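A.B. asks: Here's a structure for you.
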Amino acid sequence: MKTKVAIIGAGPSGLLLGQLLTRAGIDNIIIDNKPKEYILGRIRAGVLEQGAVAMLEEAGVAEKMRREGLVHEGFDISFDGQSHRMNLEKYSGGKTVMVYGQTEVTRDLMEAREKAGAITVYAAEKVKVHDFDRSRPYVTFHHVGRDVRLDCDFIAGCDGFHGVCRASVPKGAITNYERVYPFGWLGLLADVPPVHHELIYAHHERGFALCSQRSLTRSRYYIQCSLDDTVDAWSDDLFWEELKRRLDPKIAARMVTGPSIEKSIAPLRSFVAEPLRFGTMFLAGDAGHIVPPTGAKGLNLAASDVRYLFDAFVDYYKGQSVKGIEAYSSRALLRIWKAERFSWWMTNLLHTFPDASGFDRKMQRTDFDYLISSDAAQRSLAENYVGLPY
Ligand code: RFL
Ligand code: PHB
């Protein structure tokens, strides 16, 4: 097999890049090591910045999102039961965010790709990337009983945090920056109406909680949990009880509970790999960086990486220029580090750290008091939450 761009990973980064390339007439093949149904079963992000929304428009997959997505102009932060609304629209010069699930984004992109007739190989085994330090890289994998070799001009490593692309880079050629947080998030999805029309991020001494949503009839809730926790240890009843305990009692009293459709635990991590280009291979999305989900930035960063990478490929194939390719890593990293900073700050502001000293707790409380008393601080939060420019 032969293509121009071999994309490893059919998550949002790989599918979005593939869709944009296909529309631009640039040949690409996507290879994922999981079946399609498994990918669609993952419940993850829910908040899209305007930049990400614009890219989905450009990819021609925005119709359902425009119809079913919920536009939010703000959200609440509640600190030990005291609530304050962050007015995103007012403090960001009229910008908003779109609440629309990653599962739906993924499904919309998969459907558009199928319609366009572009090739995606699901459930590929033993995926390996070769010779990306040269001008003729290739990918090998095993699929339905056959060994396949895919020759290409470039490899786009869109294979997430545990993927094969970053892991194939020689140790001396890459630097990893990492912080692992001493807790995780336990998430629950249920067909119950959201407790509030906007998101609520809550700090409580028992731990962080988040009230999010997927539609007017489907809610997504999270609570901070211990890294030793297991999903089985949390019955639905225990989850609802603990969630309510961490919210403003007036909000908790309105909470409609119901059976979970999905429950999962995610550890929290900040991670950046530098650089993001290795000869003819590029890392994009979670393959190159991870943010703790508190700032709602992971999927949005995947979209901005794809912006820079797609533009670089267009420059190369249509403009005969390597400038975009050479600038990709530094351009993407500049934006990534800013989102890392914001996600780290939101995480520190809102979680309960098991080893926090009395001084640390006073600082955290003061961070909140300053935020709600300062227009400048709220403007900064709003500017980051709606998304910094590409
Ligand atoms: P993905 O989605 O992990 O997709 C990678 C794909 O690569 C495949 N793969 C391989 N394929 C071939 N060979 C291999 N060896 C492979 N290894 C892996 C995988 O099967 C998979 O299909 O990465 P991508 O595309 O970069 O997308 C990143 C986003 O998924 C991620 O950043 C977000 O989900 C993060 N995130 C959030 N981001 C937001 O912008 N807003 C949010 O509100 C938000 N909330 C969240 C989140 C992530 C969470 N978790 C579970 C970590 C909430 C949570 C709880
Ligand atoms: C979600 O809806 O899954 C969600 C929303 C906001 C976040 C993280 C996750 O910050």
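The values are calculated or read from the model by the stated rules, or taken from the named source; none is laboratory data. Here the structure is a predicted model, which means the values were calculated and not measured. With ideal geometry, Cβ positions are generated from the backbone for all residues, glycine too; neighbour counts draw on all protein chains shown.
A.B. asks: Being within 16 Å of ligand 2 (Cβ to nearest atom) and either over 24 Å from GLY285 (Cβ atoms) or of a type outside the set (A, V, I, L, M) (or both) is true for just one of ARG113, ARG44, ARG67, ARG136. Which residue is that?
C.D. replies: Of the residues listed, the single one that is within 16 Å of ligand 2 (Cβ to nearest atom) and either over 24 Å from GLY285 (Cβ atoms) or of a type outside the set (A, V, I, L, M) (or both) is ARG44.
A.B. asks: Across segment 182-211, which residue is surrounded by the fewest Cβ atoms within 10 Å (Cβ to Cβ) among those that are within 12 Å of ligand 1 (Cβ to nearest atom) and of a type in the set (A, V, I, L, M)? Reasoning before the result, please.
C.D. replies: To start, the set of residues in segment 182-211 that are within 12 Å of ligand 1 (Cβ to nearest atom) comprises 184-189, 199, 201, 210.
From what's left, of a type in the set (A, V, I, L, M): 186, 188-189, 199, 210.
Details: LEU186: 25, LEU188: 24, LEU189: 19, LEU199: 22, LEU210: 23.
The extreme case among them is LEU189.
A.B. asks: Filtering segment 163-181 down to residues that are under 18 Å from PHE282 (Cβ atoms) and free of Cβ contacts under 8 Å to residues at least 12 places away in the same chain, which residue is surrounded by the fewest Cβ atoms within 10 Å (Cβ to Cβ)? Even if it seems obvious, please write down each step before you answer.
C.D. replies: To start, the set of residues in segment 163-181 that are under 18 Å from PHE282 (Cβ atoms) comprises 163-170, 173-176.
Then drop every residue that is not free of Cβ contacts under 8 Å to residues at least 12 places away in the same chain, which leaves 167, 170.
Values: ALA167: 12, PRO170: 8.
Applying the filter and picking the extreme gives PRO170.
A.B. asks: Moving on. Look at segment 119-139 and say how many of its residues are assigned to a strand (DSSP E or B), surrounded by 15 or more Cβ atoms within 10 Å (Cβ to Cβ) and within 12 Å of ligand 1 (Cβ to nearest atom).
C.D. replies: Here the count works out to 5.
A.B. asks: Show me the strands (runs of 3 or more DSSP E) found entirely inside segment 49-104 where at least 1 residues are surrounded by fewer than 15 Cβ atoms within 10 Å (Cβ to Cβ) and modelled with pLDDT under 95. Quick ask: steps written out before the conclusion?
C.D. replies: Details: elements: 70-72, 74-79, 82-87, 97-99.
Answer list for segment 49-104: 82-87.
A.B. asks: Applying the selection to segment 9-48, what residues are in a strand (DSSP E or B) and within 18 Å of LEU301 (Cβ to Cβ)? Before the answer, list the steps.
C.D. replies: So in segment 9-48, the residues in a strand (DSSP E or B) come out as 28-31, 47-48.
Of everything in segment 9-48, those that are in a strand (DSSP E or B) and within 18 Å of LEU301 (Cβ to Cβ) turn out to be VAL47, LEU48.
A.B. asks: Continuing with this model, one more query. All but one of (1) outside any strand (DSSP E or B); (2) under 19 Å from the mean Cα position of the chain (by Cα); (3) within 16 Å of ligand 2 (Cβ to nearest atom) hold for HIS196; which doesn't?
C.D. replies: (2)
A.B. asks: OK, next. Determine, yes or no, whether TYR100 is among the aromatic types (Phe, Trp, Tyr) and touching a residue at least 40 places away in the same chain (Cβ under 8 Å).
C.D. replies: Values: among the aromatic types (Phe, Trp, Tyr): yes; touching a residue at least 40 places away in the same chain (Cβ under 8 Å): yes.
The answer is yes for TYR100.
A.B. asks: Could you run through segment 274-315 and say how many residues are surrounded by fewer than 24 Cβ atoms within 10 Å (Cβ to Cβ) and charged (D, E, K, R)?
C.D. replies: The total comes to 5.
A.B. asks: If you scan segment 348-390, which residues turn out to be in contact (Cβ under 8 Å) with a residue 12 or more places away in the chain, outside any helix (DSSP H, G or I) and among the polar types (S, T, N, Q)?
C.D. replies: From segment 348-390, those in contact (Cβ under 8 Å) with a residue 12 or more places away in the chain are 348-355, 364-365, 367-368, 371-372, 375, 378-379, 381-390; that's our starting set.
Checking which are outside any helix (DSSP H, G or I) leaves us with 351-355, 387-390.
Listed by number, the list holds a single entry, THR352.
A.B. asks: Considering only segment 212-259, state which residues are under 25 Å from VAL97 (Cβ atoms) and within 16 Å of ligand 1 (Cβ to nearest atom).
C.D. replies: SER212, GLN213, ARG214, SER215, ARG218, SER219, ARG220, TYR221, TYR222, ILE223, GLN224, LEU243
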